[in-house]
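Please read the structure below before turning to the comments.
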Amino acid sequence: MSLTAGLAIYLVFWWLTLFLVLPFGISRVDPDDLLPGEDPGAPAKPRLMKKFAITTALSLVFFAIFYFVQDSGWISFRE
């Protein structure tokens with residue numbers, strides 16, 4: 001696998017994993033604390049940096065599993 005292909009596949013894993021991780025730990029803002037014009041469905045504390053770190057770690061694990069399976073020849077994407 002070339003470096004470019006590896007980076008592209010890792011990026012796909014990263015985005016898919018981000019969409020898996022985003023909903024975890026979300027709580028809504030208390031309606032009494034809302035200011036005019038604020039969305040009541042917005043998360044109170046999204047903790048995006050923590051979620052980006054978790055996403056990066058999980059996608060690295062998923063990519064390592066993919067790379068091992070692809071490199072070992074169990075599954076061939078060439079045929």
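Worth pointing out:
- Considering only 16, 36, 66, the residue lying farthest towards the positive end of the dipole of the range 3-72 is 66, judged by Cα position with unit charges set on Cβ.
- Kirkwood hydrodynamic radius computed over the range 17-79 comes to 14.7 Å, based on all pairs of distinct alpha carbons.
Every read-out reported here was derived from the displayed coordinates using simple, explicitly stated rules and does not represent laboratory data. None of these values were measured; they are calculated from a predicted model. Glycine also receives a Cβ, built like all others from the backbone with ideal geometry; neighbour counts cover every protein chain displayed.
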